[in-house]
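Taken together, the values in this text are just the output of simple stated rules run on the coordinates, not laboratory data. Values in this document were obtained by computation on a predicted structure and should not be read as measured data.
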Amino acid sequence: MIKSLKQLFEEYDGKRAIGSFNVHCLEMLPAMLEGAKEVDAPIIIQTSPGTAEYIGFDLLVSSIETLSERFEVDVCLHMDHCKDIEIIKKAIDAGYTSVMYDGSSLDIDENIKNTKIVTAYASVKGVSVEGEVGTIGGAEDGMVVSEENAMYTHPDDAYKFVRETGVDAIAVAIGTVHGQYKSKANINFELLEELSSNMKEVGIVLHGGTGVSDQDMRRCVKQGMKKVNVGTELNKSYIEEVNKTFSTAKPLTSLRKLLLPANNRIKDIVMEKSKLFQLL
Ligand SMILES: [Zn+2]
């Protein structure tokens, strides 16, 4: 069934963090839901604004509807890191059930002001909203924030933001980095503890999940992380698999057979991460 982020938070409260996986191309989408089904987990499918334009908002929504029925999986379709309120409205109108307004590069009052426009528009349609306070390092959809310029979330800013905007979820900067796959992040667990114990009314979101060790990830989930984003690992693994198959392909080789190993790898990653996000 297609659900909002808030509905998933309520249903799986105390049971798990919910994996939010970036779909990069339509080919990998069935494998993602199949993986979630296999381990009996809900799944958030998230797109960057760029991917939504590439695949098409309508095609994404109808594909998710079809696949959620086929696999009988709880799915939320989420717009990740969007700085353009018009694109957010387009996603909501198309049938996304959750959107992220990323005003993290603005000052806190401007961020609050814009996020409120989004929560007002989304709430009428029962769509959830994620905001961001602090700056998560790394690259996302072509935008690069150097690790030195990444800034930890300031707790007082986060509390004020949540109080005034009415968001359902908040992305926090606690040391994770977008696009990190060669090394592991240094997580500030004290900050996470402080944030999660004072913001029980919203779901705290971890971005840059690929760069977090399994051990740290279990600790994050235990300390109250409710949504975990995984994008880089899917992109990187897909490329690794198709590099292997396409390098030996002939013009008449079945394209389907060339893509299948990559799709299977996506399914495995969704299964593995969804199990990791479960509270033991
Ligand atoms: Zn992110």
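Listing for the model above:
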item: Debye intensity ratio I(q)/I(0), log10, segment 150-226, q values 0.13, 0.26 Å⁻¹ (C-alpha model); result: -0.36, -1.29
item: Value of relative contact order over the chain, rounded to a whole percent, pairs C-alpha under 8 Å and six or more apart; result: 21
item: Karplus (6.51, -1.76, 1.60) ³J(HN,Hα), θ = phi - 60°, over segment 260-277, in Hz, Gly and Pro reported as x; result: 4, x, 5, 4, 5, 5, 4, 4, 4, 5, 4, 5, 4, 5, 4, 5, 5, 7
item: Mean separation of Cα contacts under 8 Å, 6 or more apart, over the residue count of segment 141-280: relative contact order %; result: 20
item: Theoretical ellipticity at 222 nm over the chain - DSSP helices of four or more residues, -39500 (n - 2.57) apiece, nearest 500; result: -15000 deg cm²/dmol
item: Cα centroid separation - segment 18-32 against segment 111-134, whole Å; result: 24
item: C-alpha long axis of helix 85-94 to longest principal axis of the chain, angle in °; result: 60
item: Within the chain, percent of DSSP bridges classed antiparallel, to nearest 5; result: 15
item: Over 29 Å between alpha carbons, listed pairs 125/275; 160/226; 90/184; result: 125/275; 90/184
item: On Cα atoms only, tilt of 189-198 relative to the major axis of the chain in degrees; result: 70
item: Equivalent ellipsoid semi-axes - Cα gyration tensor, segment 45-137, angstrom; result: 25, 13, 12
item: Under the Karplus curve 6.51 cos²θ - 1.76 cosθ + 1.60, θ = phi - 60°, whole-Hz ³J(HN,Hα) for segment 16-33, x wherever Gly or Pro sits; result: 6, 8, 9, x, 10, 10, 6, 8, 9, 8, 4, 3, 8, 5, x, 5, 5, 6
item: Reference-scaled alpha-carbon Rg (2.2 N^0.38 Å with N residues) for the chain; result: 0.96
item: Per residue Cα convex hull volume in Å³ - calculated over segment 41-195; result: 130
item: Kirkwood Rh, angstrom, segment 41-93 [1 / mean 1/r, Cα pairs]; result: 11.5
item: Rounded to 10°, Cα long-axis angle of helix 155-165 versus longest principal axis of the chain; result: 80
